[in-house]
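Enquirer: The structure follows.
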Amino acid sequence: MIPLKFNHISNCRDLGGTKTTDGKIIRENIFIRGVTLKNLSKSEIKLLKEKYHLSTVIDIRCYKEIKEKPNQKISGVTYFDMPLSTETVLGISHEKRVGTLKTLDLMPEMPKLYSELVQGECLENLKKIMKKILTLKDDEYSVYFHCSAGKDRTGIVTALILYLLGVDKKTIMDDYLYSNKAHWVKAFFVYFGIFILKWNHKFAKKIRQSLQAKEEFLLSAMNTLEKRFGSIDNFYTQGLGFSLEEIEKIKNRFLI
């Protein structure tokens, strides 16, 4: 995992350089995760295209988020809108006029939200997103996939890419938790702001957790998939329809 430093793109990193359990390494400039692309400078656009070879952007936010804060268009880059959840997910999505103190009080706990992101319609959308990212043509990489904060929805997709490529669970979790480096300041101030307004530690803590990456959150999603398919490995064969030979080809394509 290689953190990428931009002035206007937070929580951004290349999955390249990550080692697998069999000693191989994920190629650089293939899979890049991040947040919504906006207010990019000319130098940042040049860096994305020339250094990181950006060719494809896959937006996994819900349609309302995409409409309210569209990605900045970059010449020569192909964009796909592929929401993981087509509707608002309170505590996960970041639309305007969503998340007042009154509505946030009704927000489920984060482990439950993560579990719901890999069930029902979200699961069907997740399958499409995964297949799209893993089966692009050679000249369509690197692919930049993102949600709003680059933490929850992007975290689940990233974990499944890394798992397929043979990365160990600790490294996968470390990559997921790295998002806290980008969000801890906001989480800190939101907690104290809400605590002062509501004078309710439990509620303030609940909202702060929606801005954090915690091990139990990602585990909830992965455990839900394991229960649904019998194992994460079965998700790729039964859920995505990949044969073992196709999975091996995917690994050979992206590992060195």
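Enquirer: Search segment 1-21 for residues being open to solvent by 30 Å² or more (accessible area, probe 1.4 Å) and of a type in the set (S, T, N, Q), and hand back the single one that is farthest from PHE145 (Cα to Cα).
Expert: Within segment 1-21, the match that is farthest from PHE145 (Cα to Cα) is THR21.
Enquirer: Just checking, does segment 233-242 include any residue being without any contact (Cβ under 8 Å) to a residue 60 or more places away in the chain and either surrounded by 15 or more Cβ atoms within 10 Å (Cβ to Cβ) or closer than 15 Å to LEU117 by Cα (or both)?
Expert: yes
Enquirer: Quick check on my filter: what residues within segment 105-126 are part of a helix (DSSP H, G or I), under 14 Å from the mean Cα position of the chain (by Cα) and not polar (S, T, N, Q)?
Expert: Within segment 105-126, TYR114, CYS122, LEU126 qualify.
Enquirer: If you scan segment 23-40, which residues turn out to be at pLDDT 95 or above and open to solvent by 40 Å² or more (accessible area, probe 1.4 Å)?
Expert: GLY23, LYS24, ILE25, ARG27, GLU28
Enquirer: Consider LEU47 against the criteria (1) of a type in the set (A, V, I, L, M); (2) farther than 17 Å from THR154 by Cβ; (3) at pLDDT below 95: it satisfies all of them except one. Which criterion is unmet?
Expert: Only one criterion in (1) of a type in the set (A, V, I, L, M); (2) farther than 17 Å from THR154 by Cβ; (3) at pLDDT below 95 is unmet by LEU47, namely (3).
Enquirer: Right, another one. Right, GLU44: over 23 Å from ILE250 (Cα atoms), open to solvent by less than 20 Å² (accessible area, probe 1.4 Å), of a type in the set (D, E, K, R) and out of contact with any Ser or Thr (no Cβ under 6 Å at 6 or more places or on another chain) or not?
Expert: It is true that GLU44 is over 23 Å from ILE250 (Cα atoms), open to solvent by less than 20 Å² (accessible area, probe 1.4 Å), of a type in the set (D, E, K, R) and out of contact with any Ser or Thr (no Cβ under 6 Å at 6 or more places or on another chain).
Enquirer: Output the number of the condition that GLU65 fails; it satisfies all remaining conditions of (1) surrounded by fewer than 19 Cβ atoms within 10 Å (Cβ to Cβ); (2) in contact with a His (Cβ under 7 Å, 6 or more places away or on another chain); (3) modelled with pLDDT under 95.
Expert: Single failed check for GLU65: (1).
Enquirer: Could I ask something else about it? (1) at pLDDT 90 or above; (2) within 19 Å of SER115 (Cβ to Cβ); (3) not in a helix (DSSP H, G or I): which one isn't true of ALA213, the others all being true?
Expert: (1)
Enquirer: Here is a follow-up. Do you know which residues across segment 127-165 are touching a residue at least 24 places away in the same chain (Cβ under 8 Å), among the charged types (D, E, K, R) and outside any helix (DSSP H, G or I)?
Expert: Residues satisfying the conditions are LYS151, ASP152.
The values are calculated or read from the model by the stated rules, or taken from the named source; none is laboratory data. This one's a predicted model, so the numbers in the text were calculated from it and none came from an experiment. Backbone-built Cβ (ideal geometry, glycine too); neighbour counts: all protein chains shown. Quick note on the areas: whole protein, heavy atoms, side chains included, nothing else; ligands and nucleic acids left out. Shrake-Rupley method; radii C 1.70, N 1.55, O 1.52, S 1.80 Å.
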